[in-house]
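Q: Sharing a structure here in structure tokens format.
The numbers here are math on the coordinates, done by the rules we state, and not lab data. Nothing here was measured: the structure is a model prediction, and the numbers come from that model. Neighbour counts are summed over all protein chains in view; Cβ atoms, including those assigned to glycine, are modelled from backbone coordinates with ideal geometry.
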């Protein structure tokens, strides 16, 4: 019994983190048709900036986290402006932007290493202590992640569905020309999409930094998972991405528990391939 | 005396291809004009150049005496020059009501939103019935109506319509034509690209015939001779 609860809870934590990461990636994908590889290192960037503000400036976690998230969003905006924007309208946009965002991934990752060194850092947890969930003991921080992530996604979903800014962010992905013609500033909207998306990366980094060490490469594995999540769920919709994130998180927790850490990633990818063979548009994809 | 919209010697195209070879047209205050001519001779390109989607290589577009050469498309919409593009190019995964709501995007359009919603739903009662429906599930005619309605939600001072009746059944076409006449009646000057010269003649004050990227004839509708000339061009000479 206890092992079932532990597995479920750990699956929920993973699912919540993947959902945050993947929703950001998926936002950029739906608006621009671009995969942003700098999403991973920007998780680490958000975390190290938060760490520095706490350690060097003596801020408490919450304001420091806000600064860390804004810093990640700022770098995201810079990536859009200087590494992606010049390729809009090019029919090889996907390939070109893959190359440039991969470049930015390496630069940010190495930059963090040079500036912050490789000393292991850990961020303080939002709340300390532990909680007991039906016999499974987890840190209160992890419990909070399970609650915060769906709330943020719900907020994001409402924002995209019912504000003019959110609508315009969906509109530019569906029909760029028409977006221009109803008065939307399309480049500015793309910039905003990048900033919000990478802000979410920063937030994921801050949350993850309370459980795992803050390293330049801390985002690499979650990035890979987030990519799996959006392909698995079916590219494009926030709901599909969130659903897929929790399914994948749960699967991973079960596999780690019963098969072991070593083979889990391989099995997950094999499962992804099987799903794609039978549903090439992903689990919840429409066409 | 300056025109409301003044297009002077526009040379434009896509990539290495030149499509417009020095086109000049104008729209006076309180008049409507029509463009017609064979397909692929530059009418749509001209609208794209006016609304800033492509930048002309030479020539100028003046709107209310402002040179639009280096003005971004969204700012041109803000100034009140609105272009409803050809075909059913909409936000396919959005609902009808949502698209109209989004189209009231500029500050000016927001201020007039309630009034424009009323206007749009009066002109196109079908859209009022389909507020919740996704754009991709609409019929061709309904999408065309939605496209015009979205342009109206932008609160245009001048409205450019690109082949609004293209591919519609006779019944739907009549409905759309009536709605366009209704828009004109509310005092919005129109610039219409249309193949149906009969419809154009009933609606606009002047016509331009565009061929090979040039204005080959300008016709004043009130001029009987010109009227005859248009008929001859389109239906052959009757001796």
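Q: So how far, in whole Å, is the C-alpha centre of region B:33-60 from the one of region A:209-276?
A: With region B:33-60 and region A:209-276 each reduced to a Cα centre, they are spaced 50 Å.
Q: Next question. Which order, highest average first, do A:205-211, A:248-254 follow once you tally other Cβ atoms within 10 Å for each residue and take the mean per peptide?
A: Result, highest mean first: A:205-211, A:248-254.
Q: Normalised by the empirical 2.2 N^0.38 Å for globular proteins, what value does the Cα Rg of region A:178-287 take?
A: 1.29
Q: Still on this structure: Report the semi-axes of the equivalent ellipsoid for chain B in whole Å, largest first, where each axis is √(5λ) for an eigenvalue λ of the Cα gyration tensor.
A: Whole-Å semi-axes of the equivalent ellipsoid: 28, 22, 17.
Q: Quick one: A:30, A:50, B:186, A:103, fewest Cβ neighbours within 10 Å first, how do they rank?
A: In order of increasing Cβ crowding within 10 Å: B:186, A:103, A:30, A:50.
Q: Could you list the square roots of 5 times each eigenvalue of the Cα gyration tensor of region A:2-218, that is, the equivalent ellipsoid semi-axes, sorted largest first and rounded to whole Å?
A: Semi-axes, largest first: 32, 21, 15 Å.
Q: Separate question: At a 10 Å Cβ-Cβ cut-off, how would you order A:242, A:163, fewest neighbours first?
A: A:163, A:242
Q: State log₁₀ I(q)/I(0) for region B:1-143 at q = 0.10 Å⁻¹ as given by the Debye formula over alpha-carbon point scatterers of equal weight, solvent excluded.
A: Values, matching the q order: -0.43.
Q: Further question: Could you give me the percent of Cα pairs per 5 Å distance bin for region B:45-119, shortest bin first, beginning at zero and ending with the bin that holds the maximum distance?
A: 3, 14, 21, 20, 19, 13, 7, 2, 0
Q: Over all Cα pairs of region A:42-110, how is the pair count split among 5 Å bins, expressed in % and running from 0 up to the last occupied bin?
A: Cα pair-distance distribution for region A:42-110, in percent: 4, 17, 21, 18, 14, 11, 8, 5, 3, 0.
Q: Which angle between 0 and 90 degrees, to the nearest 10, do you get for helix B:224-235 versus the longest principal axis of chain B when only C-alpha atoms count?
A: Between the helix axis and the principal axis of chain B, the angle is about 80 degrees.
Q: So what is the calculated 222 nm ellipticity per residue for the protein assembly as shown, using -39500 (n - 2.57) for each DSSP H run with n of 4 or more, over all residues, to the nearest 500 deg cm²/dmol?
A: Calculated at 222 nm, the ellipticity per residue is -18500 deg cm²/dmol.
Q: Which whole-number percentage describes the relative contact order of region A:2-218, with Cα contacts under 8 Å and a sequence gap of 6 or more?
A: 42 percent
Q: Let me ask something else about it. Plugging the Kirkwood radius over Cα pairs into Stokes-Einstein for the protein assembly as shown, at a temperature of 10 °C and a viscosity of 1.306 mPa s, what D comes out in µm²/s?
A: After rounding, the answer is 61 µm²/s.
Q: Moving on. I'd like the mean, over residues of B:70-81, of how many other protein chain beta carbons sit within 10 Å of each residue's own Cβ.
A: 3
Q: In square nanometres and to one decimal, what's the mean projected area of the convex hull around the Cα atoms of region B:1-75?
A: 5.2 nm²
Q: Ok, one more. Give me the percent of DSSP beta bridges within the protein assembly as shown that run antiparallel, rounded to the nearest 5.
A: So the antiparallel bridges in the protein assembly as shown amount to around 65 percent.
Q: Ok, one more. Taking a ≥ b ≥ c as the square roots of the eigenvalues of the Cα gyration tensor of region A:230-287, is the shape rounded (a/c under 1.5), prolate (a/b larger than b/c) or oblate?
A: oblate
Q: Also, quick follow-up: Please give the residues of region B:143-173, grouped as numeric ranges, whose backbone N is less than 13 Å from a label point set 7 Å along the Cα-to-Cβ vector of residue B:66.
A: B:157-158
Q: Based on the Cβ-Cβ distance from residue B:137 to residue A:120, what FRET efficiency comes out when R0 is 51 Å, to the nearest 0.05?
A: In this case the efficiency is close to 0.40.
Q: Shifting gears a bit: How many Cβ atoms of partner chains, on average, are near each residue of A:182-193 if near means within 10 Å of its Cβ?
A: Mean partner-chain Cβ count within 10 Å for A:182-193: 5.
Q: Sticking with this one: Cα centroid distance between region A:22-92 and region A:150-199, in Å?
A: 16 Å
Q: How much of the DSSP beta bridge set in chain B is antiparallel, as a percent to the nearest 5?
A: Roughly 60 percent of the beta bridges in chain B run antiparallel, per DSSP.
Q: Same structure again: Where does each of A:29, A:263 land when they are ranked from fewest to most other beta-carbon atoms within 10 angstrom?
A: If I rank by nearby Cβ atoms, fewest first, I get A:263, A:29.
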